[in-house]
Amino acid sequence: MKRRDTLKAISLAGFGLAVEPVEAAVPAPPEKKPVIPGGRQPFEAERDAKLKAEKFFTPHELQTVTVLCDIIIPADERSGSASQAGVPAFIEFMMKDQPRNQTPMRGGIRWLDNKCVAMFGKPFVQCTKAQQIQIVDKIAYPEQASKDMTQGVSFFSMMRNFTAAGFFTSQIGIKDLGYVGNTPNDWQGVPDDVLKQYGLSY
Amino acid sequence: MNTFQIKEAPTVYDVAIVGSGAGGGMAAYQLTKAGAKVVLLEAGGYFDPADPKYITQLKWPYESPRRGAGTTRPFGDFDAAWGGWDIEGEPYTAAKGTEFFWFRSRMLGGRTNHWGRISLRFGPDDFKRRSLTGVGEDWPISYEDISPYYDAVDKLVGIFGSKEGIRNEPDGFFLPPPKPRLHELMLKKAATSIGIPVIPSRLSILTKPINKDRGQCFYCAQCGRACQAYADFSSSSVLCIPAMKTGNLSLINHAMVREVLTDPNTGLATGVSYVDTISMQEKTVRAKTVMLAASTCETARLLLNSKSSRFPNGLANSSGVIGKYLNDSTGASRSAFIPALMDRKRYNEDGVGGMHVFTPWWLDNKKLDFPRGYHIEYGGGMGMPGYGFGGGIENLNGRIPGRNGQKKAAGGYGAGLKDDYRRFYGAYIGMAGRGEPVPLESNYCEIDPNNVDKYGIPTLRFNYKWSDYEVKQAKHMQDTFEEIIHALGGIALGSKPGPESNHGYGLEAPGKIIHEVGTVRMGNDPKTSALNKYQQAHDVKNLFVVDAAAFPSQGDKNVTWTILASSWRTSEYLFDQVKKKNL
Ligand SMILES: Cc1cc2nc3c(=O)[nH]c(=O)nc-3n(C[C@H](O)[C@H](O)[C@H](O)COP(=O)(O)OP(=O)(O)OC[C@H]3O[C@@H](n4cnc5c(N)ncnc54)[C@H](O)[C@@H]3O)c2cc1C
């Protein structure tokens, strides 16, 4: 294959094309054949579909997660916020995909609500913005947090990590980051101006 | 209805090959090209890297609901391995106080669809470690015996690299290597300044076209997803599919081989029995010669399970050596943050799948307190973000001055944190040592007396512990990593793994580096080896092993290039023996 043809073939190749299953371990009922997206094994496609149909977060929990992840990654002059990038839905999926996350997440939200009720008389999402920041400030800085806040610190670190992963793997986040790869190209080395900037050469 | 009625195909093939990975693919390719009628039995499903049904290459993280997390595939949602450390219904165990991690792929091409493409020849010394050091084992062949096959593999499969003239890192027939990325140039400068060499890596990726059936690398860094342009080496695209085109190959997918069948009178192999994993039917195929390439541990398992009154210890095992001397590469790693790389200019630096430079073993073990060497693999750069991106920033951002020159409290949230992720992107590097262990009789796999898989086939039980040799080598790796990080002006991440860390000095658990070899080793003495120097069973002349089970040791070089070369050599020998009517 000539290089140009390769590139053309690549750009035409199926991205997420829905195709019929290669084989099913158990014959599917004829009326409803599962659709296996390209690149998925049948068991994975079935598992994904099942997980997507389930709900983990209660509306209250989802609201809490949404507020928290937008505090962690808000909109700024360069890009949108975590919730605009679909982070809450990603976190919801990860709870079902890797159930070990469920207790720290659900319990963490409870911990937060309990602290907020003790401090402000209301669960987190019903607090004022200033109150929300007040409690977040107590759990967002691991090295400064007081002894009675360590569980909250763990919870917030988990939220921070999920939020960053979800945001920067979204279309909005990838653009924000300036990642310009994942496309056929011809690598010719580090650009000259960058080499010069670092005092390096080939 | 008797479901245990065994279906027997009437054809007698010239050769039955078990497993379609590096070893089986090469044998299938060579033998079908030479005109033999071959049946290839593969436990997994069909896979073609160019078929949209299977393609994950060039997908974006958001096309995965888990953003590429490794929930169902250990190396992530887009990785081309079907299988992993645990396969449902195919368990394995480890004896108390020992451990082994066993990575298996169940698909056409085996683990070569997603492997790292690091393609290193063993050097002359790697074939005679016992003579040189007094520990371990010599091979029954030398570098000179295998080097013509390395040459041939280089040309058939394609590999890039650079001629360096290092005695124990033999050069090959190389395509041009890609230029180093920015962090790789920095690493090279830093490491070289303290006497550690850094040279272009040697990967089986086509930086130039080599024939009309395969495309050229288009630099997406995703070889691990298998290349739809066939621009890297996968046994599926480069060997098995071309072998099918000869018209001489019958490929049977979903064929889990149970045992090698023998004639009780002659003691010769007559074929194999297998379970069709879809229909669960028991079947057999007949062949004049049987070649095993199910991967190191699986090949040993097959032989140990092929018991008969004539072969009570398992087939080809009069030496009792099968399963023993199992050994995997050592591995230890460290990562660092490079402040000089913060706030980088963005450009596409995906490059090929994997590192563009590496460090071959550069020291003399005679002057060290451990007998074997290691090489260093490097990671880093502005790669495509994936699951886990930005994880653990709270351990780092308190140590780095902000744009205003002031340090701030670690962790945090908001616009400042968001900016940290951007600033730190592309400023991390990773180093991984991959070393040679000393093969020991006490490290072995055996048939587990208590367990079977879902096909009723007895499973493996592992017995593996690192020795002091490997622990000392890992200590040396950790010291070296810190020296390089220091020379780079980097900040080492995490604390330095010490003697108290798991296995000592961050040494990975046995099996984790996925270079297992040695369970059906070759040698000149039938009392201490199962195969002769052509990887032909001492006890059964029409039985061959063409995967790394045959290797007495593994060098500090990843093993696959040697599997390809030796499988080719064995295939040629087999053909020659058939011509001479010895088989
Ligand atoms: C993530 C990763 C990275 C790697 N990177 C490198 C690298 O950079 N360089 C390097 O040299 N090596 C690397 N390796 C190792 C490399 O993949 C293996 O050395 C190589 O694939 C081994 O080839 P093989 O033919 O022995 O077995 P495999 O490739 O494992 O193929 C064996 C095949 O046999 C089939 N099989 C098993 N049992 C049976 C049975 N009973 N009946 C029928 N079929 C059966 C399996 O389904 C499989 O398809 C890497 C491995 C992994 C997992």
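Quick note: the coordinates plus some simple rules give every number you see, no bench work behind them. Here the structure is a predicted model, which is why all the values come from computation and not from measurement. Cβ sites come from the backbone with ideal geometry, for glycine too, and all protein chains shown count toward neighbours.
At a Förster distance of 22 Å, what's the computed FRET efficiency of residue B:486 paired with residue B:167, Cβ-Cβ distance as r, to 0.05? Mind dumping the intermediate values first?
Working: r = 29 Å, r/R0 = 1.33.
Efficiency, from the Cβ-Cβ distance: 0.15.
State the antiparallel share, in %, of DSSP beta bridges confined to the range B:1-142, rounding to the nearest 5.
Values: 3 of 8 bridges.
If we restrict to bridges inside the range B:1-142, about 40 percent are antiparallel.
Which helices, taking whole DSSP H runs in chain B, have alpha carbons extending 27 angstrom or more along the helix axis plus mean Kyte-Doolittle at least -0.5?
Working: long enough: B:468-488 (30 Å, -0.73); B:560-579 (28 Å, -0.28).
Result, helices passing both filters: B:560-579.
Which FRET efficiency value, to the nearest 0.05, do you get for residue A:110 and residue B:404 by plugging their Cβ-Cβ distance into 1/(1 + (r/R0)^6) with R0 = 30 Å?
0.20
If I model a spin label at residue A:76 and residue A:54 as a point 7 Å from the Cα along the Cα→Cβ vector, what separation in nanometres do I get?
Here the answer is 3.7 nm between the modelled labels.
Only sites in a loop by DSSP and with at most 11 other Cβ atoms within 10 Å count here; which trypsin sites (Lys or Arg not before Pro) in the range B:474-569 make the cut?
Values: sites: B:475, B:512, B:521, B:527, B:533, B:541, B:557, B:569; in loops: B:512, B:521, B:527, B:533, B:541, B:557.
Listed in order of number, the matching sites are B:527.
Can you tell me what the convex hull of the Cα atoms of the range A:50-177 projects to on average, as an area in nm²? Kindly include the intermediate steps, with their values, before the conclusion.
Numbers: hull surface 32.8 nm².
Dividing the Cα hull surface by four gives the mean projection, 8.2 nm².
Along the range A:64-81, what does the Karplus equation 6.51 cos²θ - 1.76 cosθ + 1.60 (θ = phi - 60°) give for ³J(HN,Hα), rounded to whole Hz, x for Gly and Pro?
With the stated coefficients, the range A:64-81 comes to 4, 4, 5, 4, 5, 6, 7, 5, 5, 10, x, 5, 9, 5, 9, 7, x, 8 Hz.
Please report the net charge: other residues with Cβ closer than 15 Å to the Cβ of residue B:433, K and R +1, D and E -1.
Numbers: positive: B:334, B:372, B:434, B:472, B:475, B:496, B:512, B:557; negative: B:328, B:377, B:436, B:470, B:479, B:482, B:483, B:508, B:556.
Summing Lys and Arg as +1 and Asp and Glu as -1 gives -1.
Arrange B:133, A:163, A:64 by Cβ neighbour counts within 10 Å, fewest through most, would you?
On the way: B:133 14, A:163 29, A:64 24.
In increasing order of surrounding Cβ atoms, one gets B:133, A:64, A:163.
Around residue A:134, with a cut-off of 13 angstrom between Cβ atoms, what is the net charge of the other residues, counting Lys and Arg +1 and Asp and Glu -1?
+3
What is the distance, in nm, between label points placed 7 Å from the Cα along the Cα-to-Cβ direction at residue A:154 and at residue A:103?
1.0 nm
Say each of residue B:263 and residue B:155 gets a label point 7 Å from the Cα, pointing the same way as Cα to Cβ; how far apart are those two points in nm?
Spacing of the two 7 Å Cα→Cβ label points: 3.9 nm.
What is the magnitude of the charge dipole of chain B about its Cα centre, with +1 placed on the Cβ of each Lys and Arg, -1 on the Cβ of each Asp and Glu, and no other charges, expressed in debye to the nearest 20?
Values: 69 positive and 60 negative charges, 206 e Å.
The dipole of chain B has a size of about 980 debye.
For the range B:445-450, what does the Karplus curve 6.51 cos²θ - 1.76 cosθ + 1.60, with θ = phi - 60°, yield as ³J(HN,Hα) per residue in whole Hz, taken in order and with x for Gly and Pro?
So the Karplus estimates, Gly and Pro as x, are 10, 8, 6, 5, x, 10 Hz.
Quick one: Karplus J couplings for the range B:525-533, per residue in order, coefficients 6.51, -1.76, 1.60, θ = phi - 60°, nearest Hz, x for Gly and Pro?
9, x, 7, 10, 8, 9, 10, 7, 6
Lys and Arg at +1, Asp and Glu at -1: add these up for the other residues within a Cβ distance under 13 Å of residue A:169 and post the number.
Values: positive: A:175, B:59, B:66, B:67; negative: A:176, B:63, B:77.
Neighbour charge sum, excluding residue A:169 itself: +1.
Only Lys, Arg, Asp and Glu count, each charged at its Cβ (+1, +1, -1, -1), so figure out the dipole size of the range B:527-580 about its Cα centre, rounded to 20 debye. Walk me through the intermediate numbers first.
Values: 7 positive and 5 negative charges, 42 e Å.
Dipole of the range B:527-580, to the nearest 20 debye: 200 debye.
Quick one: if the Förster radius is 56 Å, what FRET efficiency do residue B:363 and residue A:126 give, using the C-beta to C-beta distance and rounding to 0.05? All intermediate terms of the calculation are to be shown ahead of the outcome.
Values: r = 64 Å, r/R0 = 1.15.
Taking R0 as 56 Å, the efficiency between residue B:363 and residue A:126 is 0.30.
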